[in-house]
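The values are calculated or read from the model by the stated rules, or taken from the named source; none is laboratory data. Quantities reported herein were computed from a predicted structural model and do not represent experimental measurements. Note that each Cβ is placed from the backbone with ideal geometry, even for glycine, and that neighbours are counted across all protein chains shown.
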Amino acid sequence: MKDAKEIETMLEQLARVRSGEPGGEASGAGARALLAEVTAAAPAAPKPGFPLKKTGLVLAGAAVVAAGALIVPSVLDDSGTYVSASYAVTKDSSGVVFVRVTDFKDVAGLTRQLADLGVPAVVDHVPEGMTCKEPRAEHVRDIPQGLYSVPQNLPGRSDGWQMRIDTRLFRAGEQFVWTISPHADGGSSTSTILMKGPVAPCELVPEPKPDPAAFGPEYRVATVEGRSLEGFRVDEKTVGQVLPEIRKRGLKPTFAIMSLPPGNPGGYGIVKEQSEPVGDDWVVWEAEELDEDPRSRIRLLVTEDRWDKNPVYGGPRDAVIKD
């Protein structure tokens, strides 16, 4: 079995958005977009107040910041896929584009290929610890449902991500603004924002440090060795099946109600956290404990409906955590 530190490193790669953050409100445009917090590879340590390393995509203006950028030639293969050592961009007959990125230096090439396949986007390379000064353009709030999926880690790899974009849903003047930041520890971060109108070039400024108080306490998985629910799997069980064991161990449950992006590609937002019980037939996807006070309460990540795969792990828990 992997130790707790290895497991936490893997979980830092999974997408989640908290209540009050972009994507954290179930009925808001941000929830539909789920401006994903995803990392393409394991960070050395999570930032204070964040359950994972910050990621996203941004569309920038003409100035591409890419000191020492490596431009890798790409070709269009027989399947209609742009292929390079850095990325693959595919468009199907319905106008849906699939993007896979494994090297975060070739931003100019990726921008060109996205444009060729009908995705209005410019990608900026932003050094670690920096960000683009805002505002750069008008942020689109009413994001069309289904425009894009939450970026996901590539199956079996830790050096890239993939996402789906429906080019039919772009409206006049809209474009993706992406930033891609390789990290010294081998990881990377991305951010994606839909903007409208002219987008200013990326003016680099130091990334602000998040205020831990603004994001609440830190949680960690409670169902692994050495934790408060060691030996008891909660994933994909109902609340009614889980609560007796939690109470037997003298723990106090709370319920984090999850919001999932369309199609459940993996990743989630937390709409609300409450002590009031949900229905016994609600589904539990994972249990978490507080970093600093593990036995004070157990937070159950729940949805009212049962989904085709575990949104916490983007698939079976066993694919990430080996008990």
Within the range 105-129, restricting to residues that are of a type in the set (Val, Ile, Thr) and part of a loop (DSSP other than H, G, I, E, B), the one that is nearest to Phe176 (Cα to Cα) is Val119
Within the range 281-297, of all residues that are assigned to a loop (DSSP other than H, G, I, E, B) and touching a Ser or Thr at 6+ places or on another chain (Cβ under 6 Å), the one nearest to Arg249 (Cα to Cα) is Arg295
Val278 meets each of (1) loosely packed, with under 15 Cβ neighbours inside 10 Å; (2) in a loop (DSSP other than H, G, I, E, B) with one exception, condition (1)
When Gln162 is run through (1) outside any loop (DSSP other than H, G, I, E, B); (2) at pLDDT below 80; (3) touching a His at 6+ places or on another chain (Cβ under 8 Å), the failure sits at (3)
Among the residues of the range 245-269, the number that are in contact with an Asp or Glu (Cβ under 9 Å, 6 or more places away or on another chain), within 17 Å of Tyr219 (Cα to Cα), assigned to a strand (DSSP E or B) and at pLDDT below 90 is 1
How many residues of the range 266-321 are touching a helix residue (DSSP H, G or I) at 6+ places or on another chain (Cβ under 9 Å), under 16 Å from Gln241 (Cβ atoms) and of a type outside the set (A, V, I, L, M, F, W, C)? The answer is 6
### Query
Any chance the range 232-243 includes a residue that's out of contact with any Ser or Thr (no Cβ under 8 Å at 6 or more places or on another chain), of a type in the set (Gly, Ala, Ser), free of Cβ contacts under 8 Å to residues at least 60 places away in the same chain and not in a loop (DSSP other than H, G, I, E, B)?
yes
Taking first residues from the range 128-144 that are in the same structural domain as Leu194 (by TED's automatic domain parsing) and second residues anywhere that are part of a strand (DSSP E or B) and of a type in the set (Gly, Ala, Ser), the pairs with Cβ under 6 Å that are 6 or more apart or on different chains are Glu128/Ser181
Test result for Phe170, surrounded by 15 or more Cβ atoms within 10 Å (Cβ to Cβ), within 19 Å of the chain's Cα centre (by Cα) and either modelled with pLDDT of 80 or more or closer than 27 Å to Ala88 by Cβ (or both): no
Filtering the range 165-181 down to residues that are among the polar types (S, T, N, Q) and touching an Asp or Glu at 6+ places or on another chain (Cβ under 9 Å) yields Thr179, Ser181
Within the range 195-221, the count of residues that are surrounded by 14 or more Cβ atoms within 10 Å (Cβ to Cβ), of a type outside the set (Val, Ile, Thr), at pLDDT 90 or above and assigned to a strand (DSSP E or B) comes to 4
